[in-house]
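Step one of this worksheet: look at the structure below.
Any read-out appearing in this document is the output of simple, stated calculations on the displayed coordinates, not a laboratory observation. Computed from a predicted model, the values in this text were never measured in an experiment. All Cβ positions, even for glycine, are placed from backbone atoms using ideal geometry, and neighbour counts span all protein chains on display.
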């Protein structure tokens with residue numbers, strides 16, 4: 001067993017997966033409390049019954065049979081572990097998925113080729129990560145701190161070859177000049193800022209990544225069997241202690257000389273310092289900005305100072321609230337410690353970062369932060385106030401069109417805030433609009449608080465009824481009881497009829513039955529429910545109660 005390492009704040013399972021996936025770790029099944037601080041790293045030993053800290057990451061060395069994984073997940077759930085790591089490839093059975101869900105322990109897979117010692121060292125590094133050293137923030141190794149592009153050009157000059165600096169997921173962080181001297185695969189990589197998947201698969205298949213992670217020296221990579229990668233590569237892992245931060249890739253005509261090999265090794269140490277400084281600075285800046293945005297939106301005594309520091313003082317603005325479909329119904333913000341899929345946590349951060357980039361291009365002073373499960377954007381709105389909401393809808397819709405449907409998201413838009421004091425009200429409106437979108441998924445992905453005011457009021461009324469323990473009464477209660485006893489669909493029939501304003505042809509089409517069958521059901525529900533469908537008051541009462549029912553009750557599937 002490894003000595004447990006006290007977890008550092010903000011070192012969560014979500015961050016571990018974001019930092020170490022997709023090259024080293026992948027999410028297989030289950031997992032909850034994705035944002036809680038991790039408590040340590042433990043290697044599973046079936047002969048050792050020692051206690052280990054809560055929220056530990058357990059390395060299941062040699063555990064691969066589904067039955068063994070199920071038993072271990074259940075045991076770790078009782079001990080309060082956060083995750084179990086097994087060797088990939090591992091195909092989870094239904095029983096494994098149930099065990100992961102019931103225990104609350106995330107099941108992760110360690111990529112083939114990576115060593116257990118390596119992932120243990122990286123996890124320990126993440127848990128105890130602190131200051132990156134006493135290096136001056138202005139320059140590192142003679143280069144401007146964090147300027148990876150200048151560093152890439154410097155390395156390219158040393159090697160006399162075009163260079164890319166990439167992270168663990170083969171995303172391009174920086175590249176040098178002279179890329180026209182490389183091949184078509186490098187062109188694709190630069191344009192997409194990501195190594196194409198077919199190349200990473202080929203490198204994994206040939207064991208290249210395994211060699212890069214294992215060896216301290218540069219690795220020579222001959223051309224792949226893909227005709228677009230015709231020039232060899234030399235790759236070096238960028239390390240900070242035991243942790244792999246990324247890699248340097250040079251397109252070369254052949255193996256490097258001894259002098260250039262040593263130059264690349266030395267350059268890798270400087271690149272590591274720059275990457276650590278960038279990561280530390282980005283983490284601090286993101287947390288600071290999130291605190292400022294949160295304070296500004298809360299509208300308390302600290303709001304004026306936060307608004308001033310964000311550069312939003314004295315100008316109108318609108319708040320956008322972005323959330324993902326598929327969360328807890330009617331609760332877009334959610335509990336930060338509630339059950340959640342690790343991939344969804346990473347998706348939220350990525351789409352929040354994308355929203356920040358999009359809004360900064362539209363309005364440079366925009367401020368974006370991910371608070372809980374919702375990404376909030378404060379967008380300054382200079383100019384004519386008459387078209388504030390129209391412009392904000394256009395900005396939000398354009399963003400969602402560009403991101404596509406890989407991550408299903410929706411954006412609620414609050415009312416205009418003419419100054420900083422109105423941001424809290426605008427945030428409340430954006431939350432209400434977003435909740436309507438997430439509770440009633442459909443074609444609409446963007447809306448304003450004004451457009452869904454009545455829908456939001458109905459959700460508030462449903463909350464009130466639930467909190468008081470109110471249940472359906474009168475005709476609706478009788479129809480629900482009848483449907484439950486006879487497996488009939490009288491409630492659905494009434495919903496369709498009311499929704500169609502009494503048009504039997506339209507209502508029967510919505511219910512997927514013949515008009516004559518629908519008329520029979522309509523007469524039947526009037527008899528069973530004791531409702532006079534000609535009375536406007538009874539119709540309104542029925543419509544109101546139906547709107548307060550869960551959608552699955554009033555709109556059953558299988559018609």
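Figures for the structure shown
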| read-out | value |
| --- | --- |
| Inter-centroid distance (Cα atoms) of region 39-101 relative to region 517-540, Å | 57 |
| Estimated inter-spin distance, residue 115 and residue 549, nm [label 7 Å along Cα→Cβ] | 6.3 |
| FRET efficiency, 1/(1 + (r/R0)^6) with R0 22 Å, evaluated for residue 538 and residue 450 via beta carbons | 0.10 |
| Length released on extending from residue 504 to residue 408, taking residue separation times 0.36 nm less the Cα-Cα span | 31.0 nm |
| Average silhouette area of region 471-554, convex hull of alpha-carbon atoms, in square nanometres | 4.9 |
| Three-way shape label, region 310-466, alpha-carbon gyration tensor, a/c 1.5 | oblate |
| Using a Förster distance of 35 Å, the FRET efficiency for residue 94-residue 398 (Cβ separation, nearest 0.05) | 0.25 |
| FRET efficiency estimate (nearest 0.05) - Cβ-Cβ, residue 365 to residue 386, R0 22 angstrom | 0.55 |
| Additional length obtainable on full extension of the chain from residue 64 to residue 191, 0.36 nm per residue less Cα span | 41.7 nm |
| Exposure proxy ranking, count of Cβ atoms within 10 Å, fewest first, for 497, 116 | 116, 497 |
| For region 145-279: rounded, prolate or oblate by the Cα gyration tensor [a/c cutoff 1.5] | rounded |
| Where labels lie 7 Å past Cα in the beta-carbon direction, separation of residue 471 and residue 485 in nm | 1.5 |
| Cα-projected label distance for residue 43 with residue 157, points at 7 Å along beta-carbon direction, nm | 4.5 |
| Extension gain from residue 269 to residue 102, taking 0.36 nm per residue of separation minus the Cα-Cα distance | 55.7 nm |
